[in-house]
Each structure stands twice: as structure tokens, then as C-alpha cells.
Amino acid sequence: MNRDERIAALHKAASARILILDGAMGTMIQRHKLGEADYRGERFKDWPSDLKGNNDLLVLTQPDIIRGIHEAYLAAGADIVETNTFNAQTVSMADYGMEALAYEINVAAAKLAREAADKYTALTPGRPRFVAGAIGPTNRTASLSPDVNNPGFRNISFDELAAAYGSQTRGLIEGGVDVILIETIFDTLNAKAAGFAVKETFDALGFELPIMISGTVTDLSGRNLSGQTPEAFWYSLRHLKPFSAGLNCSFGASQLRPPLAQIAMVADTRVSVYANAGLPNAMGEYDETPETMAEHMRGWAADGLMNIVGGCCGTTPAHIEAIAGAVAPYPPRPIPAIEPRLRLAGLEPFVQGG
């Protein structure tokens, strides 16, 4: 299928059933117990700084491992796999002195995910698989000062973020993604810069892809790091007219339900969720089993809260297989018709006449 055919197939699939997103990339990479030499490969064996932990670089130095992870999730029932590009923009790559490689990494990552998705589409032609180009939040925040003694200080600007995101988006599209996923949004201003860059890239290329947006909340009040409630978060980004909006990471499934329900009530688009497998324990590991997580998601599906579901930190193909089986009997959440009103957002939402 060409790009337009895949997008049409994605919309058709999303109307028919709850779509399954993949699970954690980092969790699966950790299982390989890679050392510094594995991250470097032959190409970067003399790189001047340590590279262990630069998971996005593995699309260049260990492509078979990344392709294998994509295929494991597809075999488990995923409809959509995310590219291994969470930190693959110049802002985050600066930690390794690899800013100049960001574009190349995005192209390579998208091609690996595309190969895996196309392989499984060929195996199940009636159920095509799709690739989401993952755009993470970067390691800087545009809304908050990193210096407690200087609240007005910022270590990144909107324009710098937009430039980094624009280059990343171009690389992902060149590599063949079907969707742009702006994910793990802790600062809404960062996400607005990403959305601006993505739309600007679409204008330059002369076509658009669907956009998924997914925020993360930082405490049980349900707010993100920049202080917004889930409803205000949606009003801040709905101008992107996304294919879906929702939440990921944050907590385990039980704690993430209340803020997700807020988005499900007000968003006139599809709702996505991919929670952690619980909260990390004292060893930094995640304890929520596939069965426990799947049972939570079964309830969410039964209550009509979601259209797309997957897993975040700590989840594995076993989690995705269990979740896919649990939600299969249930229809996707109907997209509500929201009455036109003036809706604004600061930290709290404002609805005129509401």
C-alpha cells in the first residue's frame, strides 16, 4: 500500500475496533544487557563520549535488535508500532555530541519500523499494520526554569524546540511513518512547539499525516508538569485536529483512569492510553503483570473510554498480547459531538457559558 492507502486503512481500522499500540522499547532493550561496545558498534568505536544509554542510536549500531523488538510487538497483536526515536532530536542528542546524527537516526528508525510493519501486513493482508513516528518531549522544558533562584530563566526557546522537532519530523516522514506521535508531554508549551513544527513540515511537503498527541501527568491531582489539568491540556492542543489525544506513562493503569476519563469527556477525537506497568519498585523495575494490566483495560474498554490502547514503561509483548485479548470484545469509544463554544485554557479550562 502507498501512503494514502495506509492512512485510509488506519481510519477504517480505528472506526471498526480498538487499535492496539505497542509497548515499551526501553524495557525490551534492557533485556539484551548491552554494553558500551554494543552501543558504539564499529562506526562509533572511537566516539569521544560514553554512548551507553543512547537507545535511539541503536537503530544505526544494532538494527537487528530494534527490528526484532518491533516484530515481537506485532506478533503479540500490535496494530501500531512506534519508532525508536523518543530522544532523537538535536536537543537531546546534544548530551552525546550527536546533534548532527539526529536526522539520520530518524530516517533509519522509521525504515526499521516500516519493514517490520510491512512484513506483518503481508502476513495478514486483512489487518494492515502501521508506524507511528515517536516525538518525545526533549530533556528541557520551555515553561519552567531549571534554576530555582531565577524563575524567569529558560534554557530552551520555542524556536529552538520547533527547529529540532521540524528536522525530526522530516526524517520520520522520509523513513516512511504513517502517523506522527507527539508523546509523553509534560510541558504543553513543548508540545505546542512540536505541533507547530509538524504542521510547518506538512506545509513544506505538501501533504499531511495523522497526528497523535499523548500527555503525561506527574501526580495524583492529574496535572502535567507545567500545571495544566487534562481538560485544559486538550483545549491547548485541539487546534492540531489530531487523529487521537490521550495519556501515557505517568502511573499504573488504576491511577491513570481519572485523568484519562476527563479527556474522554471533552475530546471530539479518538482517545489513546498507554500506561506504565505500575510504578517502579525499589530496584527500578515494574511489577504490574500482563493479566492485572489487561483486566484494568478490559474495564476501560467496557466503559467506552478509549479507541487506542498499548503499554508504556515496563510493558512487554506479553502485556500487549494480554491487553489485546482483553479489549477485543468491545467496540471503540464513540467520538462525541461537542457543542461549539469558546474554550480556552491556562492551567484550568474555561468554557464560555459552561
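Between [x] 99, 44, 37; [y] 101, 57, 35; [z] 62, 54, 49, which entry matches Cα extents along the principal axes in Å as derived from the coordinates of this structure?
[z]
With +1 on each Lys and Arg Cβ and -1 on each Asp and Glu Cβ, how big is the dipole of the chain about its Cα centre, in debye rounded to the nearest 20?
Value, rounded to 20: 720 debye.
Among the trypsin sites (Lys or Arg not before Pro) within the stretch 252-354, which fall in a DSSP loop and have no more than 16 other Cβ atoms within 10 Å of their own Cβ?
ARG341
Can you count the Lys pairs in the stretch 3-351 whose Cα atoms are under 14 Å apart, with each pair 8 or more apart or on different chains?
Summing the qualifying lysine pairs gives 4.
Could you put MET28, MET1, MET306 in order, starting from the residue whose Cβ has the fewest other Cβ atoms within 10 Å?
Final ranking by Cβ density, sparse to dense: MET1, MET28, MET306.
Have a look at GLY325, ALA193, LEU60 and report the one farthest towards the positive end of the charge dipole of the chain, computed about the Cα centre with Cβ charges (Lys/Arg +1, Asp/Glu -1).
It is GLY325.
What net charge do the residues around ALA345 carry, taking every other residue with its C-beta under 10 Å from that of ALA345, with Lys and Arg at +1 and Asp and Glu at -1?
With Lys, Arg at +1 and Asp, Glu at -1, the net is 0.
Quick one: length gained pulling LYS12 to MET265 fully straight, 0.36 nm per residue minus the C-alpha distance?
Going from the current span to full extension adds 88.8 nm.
Multiplying the sequence separation of PHE207 and PHE350 by 0.36 nm and subtracting their Cα-Cα distance, what value in nm do you get?
48.2 nm
Under the rule a/c < 1.5 gives rounded, and otherwise a/b versus b/c splits prolate from oblate, where does the stretch 94-147 land using the Cα gyration tensor?
Since a/c reaches 1.5 but b/c is at least a/b, the shape of the stretch 94-147 is classed as oblate.
Take every DSSP beta bridge with both residues inside the stretch 3-351 and express the antiparallel ones as a percent of the total, to the nearest 5.
Bridges in the stretch 3-351 are about 10 percent antiparallel.
Please work out the C-alpha center-to-center distance from the stretch 286-354 to the stretch 187-248 and express it in whole Å.
So the two Cα centres are separated by 16 Å.
For the chain, set up a Gaussian network in which alpha carbons nearer than 10 Å are linked by springs, and say which option among ILE65, ILE308, ILE211 fluctuates the most.
Of ILE65, ILE308, ILE211, the Gaussian network model singles out ILE65 as fluctuating most.
Which of these, PRO151, PRO125, PRO332, has the largest mean-square fluctuation under a Gaussian network model of the chain (Cα springs below 10 Å)?
Evaluated over the chain, the most mobile residue of the options is PRO151.
Starting from the Cα of ARG31, step 7 Å along the direction of its Cβ; do the same at ALA328; then give the gap between the two resulting points in nm.
2.0
Values quoted throughout were computed directly from the atomic coordinates according to the rules given, and no laboratory measurement underlies them. Predicted, not measured: the structure shown is a model, and the values here were computed from it. Neighbour counts run over all protein chains shown; Cβ positions are idealised from the backbone, glycine included.
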